1. Taking each residue in A:48-61, count the Cβ atoms of any other chain within 10 Å of its Cβ, then average. What number comes out?
2. How many Cβ atoms of partner chains, on average, are near each residue of B:204-217 if near means within 10 Å of its Cβ?
3. With the cut-off at 1.5 for a/c, could you classify the stretch A:5-91 from its C-alpha gyration tensor as rounded, prolate or oblate?
4. Can you order the peptides A:23-34, B:226-237 by their average number of other Cβ atoms within 10 Å per residue, highest first?
Amino acid sequence: MHATVPGESDGDEALMLAYGSGDARAFEHLYARHKGPTYRYFLRHTSDRGAAEELHQDLWLRVVRSRARYRADARFATWLYTLARHRLVDHWRRNGGDRFESVDEHDGDSADAGDGFVANETLDPLRCAMNAETGARLLDALAGVPAAQRDAFLLHVEAGLTLAEIAGLAGAPVETIKTRLRYAYRRLRAALEDLR
Amino acid sequence: MSDPRDTSLSGGDARIDAAWRSASREEPPARVDETILAAARDAVRGESPRRIDRARPAWWQRWQPLAAAAGVAGLALVLAQRLPTDAEPDETARTPVAESMRPESKPGVAAEDAPAARFAPESASPSAPAEPDRAVAPAPPAATVETANTTASRPALVQQGPAAKAAGQRLDDAPHSPAGAAVDAAASSVVSAPEQWATRIHALHASGQLERATEELREFRRLHPDADAYLPQELRAWAASVDADPSG
């Protein structure tokens, strides 16, 4: 009976629980669903494919090892990116690199940033700028964004987490996460200004 | 103050989000996928997760260092048991005389310390007459290593021990009779082993040089407590009359 066998249509939590019970197919569905976002999360933060591959692999091996301890108290994605974030912090600690330090207080005028977070109708060119140059500019621009803001953006866009989930994961108030997102969006828009 | 769209992430900037998703499409390499999925399958089969990048060694590879160590220890034990016991330094044989008789011995050459090397009769070699004082000195009997016809090289004995000098003097004193020549011939050969020493004493005794034979026997006894056992039967009676210590 299909109801007893988790499939692609099942939620992440059900798939993870099924995997914890010994269903390897459930893990395959889960992995196929999240592998791209987790890999890109590391890739954007490290700008290094080798490091991203290692971190991605380590993350999912941790998921494998933690299968018996997983409890569906929260969304699977939140749990997954909590592990991912910890792994990233470890990586930076060992190899030097970015930090999730707060930059909210010294990254320009917050009033301006707040305005920038609102959808800007003047960016119409973006509608037709889904091309390589636009993509390259966005990627470059995000690489220059402070880690905490970049993290908030990636957790939002790549992982699909809510503000509250990002806040809980980062250990910061929701308002702080909002501010970080504003800054990040403002920088990305600025990178595409001349495409208007 | 706050924009209502701030509460909805989709309202952050939908077009930026779309542009981003269009540009950011990288996926992990297939080999990474395979590694992770294989580890996941292994885990539910009760096996520990495996990694391709840091492959775990096979069981025999994990035990290799221990096996190698055990092998080396066993080999060392076998070698230790099979080493000849006479390789130990023979302190009774390494008298100062013997040491002084090896002026050209090189420190650290282990072969020269071996018994075989110590008792090797080099004078028997063709080069011995040219370099008589280079004859390898056997331990105590080597003091007599001096050919009768190498008086030119005799000054070398100045550097040798008293026993050697005495032996050289004794040989000088020997008459050059046929019997004395036989004695000299016997003396000219490197008398190393107790058997040879006994032979030389026998020759001295047979030639009538009893005083020298007595001295030799005393020296022989001093360095070989069982010297009498090496003497021929016909000398045993005479030997029994020789005191171990003339002063005593």
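1. Neighbouring Cβ atoms belonging to other protein chains average 4 per residue here.
2. 0
3. Prolate shape, in that a/c is at least 1.5 and a/b is the bigger ratio.
4. A:23-34, B:226-237
Coordinate-derived values only; no laboratory data. Note that the structure is a prediction, hence the values are computed from the model and not measured. Note that each Cβ is placed from the backbone with ideal geometry, even for glycine, and that neighbours are counted across all protein chains shown.
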